[in-house]
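Structure first, commentary second.
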Amino acid sequence: MATREWNPLDFDIGEEEDEEGTPSPSSISPPLQYFDRDRHVAFLEMMYNVIPHHYQSQEINRLTLAFFTISGLHLLRALDRVDKDRVADWVLSFQAHPRSRTELKNGQFYGFHGSRTSQFPPDENGVSARNAGHLASTYCALAILKTVGFNLLTIDKESILISLRNLQRPDGSFMPVDVGAETDLRFVYCAAAICFMLEDWSGMDREKAKEYILKCQSYDGGFGLMPGLESHGELNNISSSYWFMFCQLCVSRAGGGTYCAVASLRLMGYIEDDLLSKTVTSSIINVPLLLDWCMQRQAIDGGFQGRANKPSDTCYAFWIGAVLRILGGYKFIDKIALHRFLLTCQSEFGGFSKYPGDLPDIYHAYYGYTAFSLLEEPGLNPLCAELGMTDLTAI
């Protein structure tokens with residue numbers, strides 16, 4: 001995909017500027033009063049065909065950008081704008097492959113690279129010393145392949161799953177790569193999602209992973225990214241070049257310690273869907289306390305915050321909303337107020353911004369679409385909350 005300078009003025013919005021070059025408040029268009037599907041499709045089509053200039057620094061996260069774009073088009077029921085075979089071939093080209101079966105025990109992870117930049121070419125002897133994959137990139141790769149209808153049973157899943165176990169630590173947590181990386185709930189979630197999509201749990205010790213997750217539940221009901229940390233519905237503050245966009249997860253610290261914990265337990269089969277409707281209330285997690293923590297995250301403006309005393313942000317409507325959907329507590333939120341807040345973040349260019357009035361970005365655009373899917377917006381495909389993509393893809 002080509003790159004070029006992207007300028008919001010390409011959309012001919014006719015903003016007036018004050019003497020310092022910033023748009024004057026009177027010239028900024030008021031937010032649209034409805035979900036404008038056509039503008040969002042156009043926004044994602046632009047991302048599919050041309051990477052805007054300001055995303056070039058995130059070239060290492062190219063698969064993540066592609067996931068948000070392609071899965072977003074699927075949520076908008078516009079996947080026909082994508083060349084599915086070409087996309088599948090492109091994604092498959094990023095998988096790392098061992099030269100022999102014995103290399104599967106060398107500690108490296110033979111998943112997917114995030115881009116060509118992280119896919120080192122072999123030396124003159126045909127040897128590539130550091131050619132391992134990354135958990136977040138592998139999640140995105142498999143999600144894209146499922147979205148475009150590629151049969152995951154035809155890929156080299158044995159290499160992925162055997163080497164995936166190399167990344168699990170004795171305490172049950174996961175590293176995203178085999179050297180020099182932090183361990184926390186984001187990567188437990190990626191490992192669980194990978195095994196779930198491949199329909200094979202041989203890649204991880206689920207019991208150890210479960211015990212690690214349970215240690216992360218805080219006194220207030222939410223989950224920290226690691227045992228003893230503050231409860232989080234967001235992921236933005238942990239630095240990792242691979243996770244700028246998907247943990248912001250991919251990945252930003254915006255996938256949420258709480259989301260990663262609950263979604264992982266659901267994918268691994270340790271908690272049921274819609275727990276609150278069950279007559280038997282026993283659970284391995286403290287559900288009432290967790291529900292209370294989640295409900296407190298809806299702010300007075302109708303949006304969701306990632307943790308106490310933080311401003312509302314578009315993406316939290318998914319990270320917290322999806323947890324409530326899994327628990328069966330989504331019915332308790334103020335949907336009208338949330339709908340109103342999200343519309344203030346909808347851009348006239350298409351996409352969503354982090355806060356009202358800001359320019360849109362692909363990360364918040366995608367989680368804006370997932371939020372509207374949870375709200376059952378007409379014209380959108382339903383969402384699989386625990387995988388963060390459409391129900392149709394999750395099947």
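Would segment 287-395 count as rounded, prolate or oblate if I go by the C-alpha gyration tensor, calling it rounded below 1.5 in a/c and otherwise prolate when a/b exceeds b/c, oblate otherwise? Present the calculation step by step, with values, prior to reporting the outcome.
Values: a/c = 1.80, a/b = 1.09, b/c = 1.65.
It is oblate, given that a/c is not under 1.5 and a/b is not larger than b/c.
In this structure segment 155-232 gives 36 Å² per residue of accessible area when probed at 1.4 Å with all protein chains present. In this simple spin-label approximation, LEU229 and ASN49 carry label points 7 Å from Cα along the Cα→Cβ vector, and these lie 4.0 nm apart. What full-extension length gain, to one decimal in nm, is calculated for ASP85 and ASP220 as 0.36 nm per residue of separation minus the Cα-Cα distance? So the extension gain works out to 43.9 nm. Note on LYS331 and ASN151: their simple-model spin labels are 4.1 nm apart, each label 7 Å out from Cα toward Cβ. Calculate, for ASP38 and ASN309, the FRET efficiency according to 1/(1 + (r/R0)^6) with r their C-beta to C-beta distance and R0 45 Å; round to the nearest 0.05. The pair ASP38/ASN309 has a calculated efficiency of 0.75. Residue ranges 267-275, 193-201 sort as 193-201, 267-275 when ordered by packing (mean number of other C-beta atoms within 10 Å per residue, highest first).
Peptides 49-58, 136-145, 355-364 ranked from most to least packed, by the mean per-residue count of other Cβ atoms within 10 Å: 136-145, 355-364, 49-58.
For PHE112, the residues whose amide H sits under 5 Å from its own are ALA96, HIS134, THR138, ignoring neighbours fewer than 5 places away on the same chain, with H placed 1.01 Å from N.
Using the Karplus relation 6.51 cos²θ - 1.76 cosθ + 1.60 with θ = phi - 60°, the per-residue 3J(HN,Hα) values for segment 56-68 come to 4, 5, 9, 4, 5, 9, 4, 5, 5, 4, 5, 4, 4 Hz, with x marking Gly and Pro. Go ahead and collect, in residue order, the members of segment 311-326 whose backbone nitrogen is under 12 Å from a label point 7 Å along the Cα-Cβ direction of SER283. 323-326, by backbone N distance to the label point.
Placing dummy labels 7 Å off each Cα toward the beta-carbon, the span from ASP274 to GLU211 is 3.4 nm.
Using a ≥ b ≥ c from the Cα gyration tensor of segment 260-324 (square roots of the eigenvalues), is it rounded, prolate or oblate, where a/c under 1.5 gives rounded and otherwise the larger of a/b and b/c decides, a/b for prolate? Prolate, because a/c is 1.5 or more and a/b exceeds b/c.
In this structure, the residue pairs whose Cα-Cα separation is over 29 Å, taken from LYS146/LYS278; LYS84/LYS210; LYS278/LYS335; LYS210/LYS354; LYS146/LYS210, are LYS146/LYS278; LYS84/LYS210; LYS210/LYS354. Between amide H atoms placed 1.01 Å from N, distances below 5 Å from MET389 occur with CYS384, all of them 5 or more places distant or on a separate chain.
Taking the Cβ-Cβ separation of ARG169 and SER93 as r and a Förster radius of 41 Å, what is the calculated FRET efficiency to the nearest 0.05? Write out the running numbers ahead of the final one.
Numbers: r = 30 Å, r/R0 = 0.74.
With a Förster radius of 41 Å, E is 0.85.
Applying 1/(1 + (r/R0)^6) with r as the Cβ-Cβ distance of GLU348 and THR102 and R0 = 45 angstrom yields a FRET efficiency of 0.20.
The values are calculated or read from the model by the stated rules, or taken from the named source; none is laboratory data. On a predicted model such as this, the values are computed, not experimentally measured, just so you know. Cβ: placed from backbone, ideal geometry, glycine included. Neighbour counts: every protein chain shown. Ligands, DNA and RNA are excluded from the accessible area calculation, which covers all protein heavy atoms including side chains. Shrake-Rupley method; radii C 1.70, N 1.55, O 1.52, S 1.80 Å.
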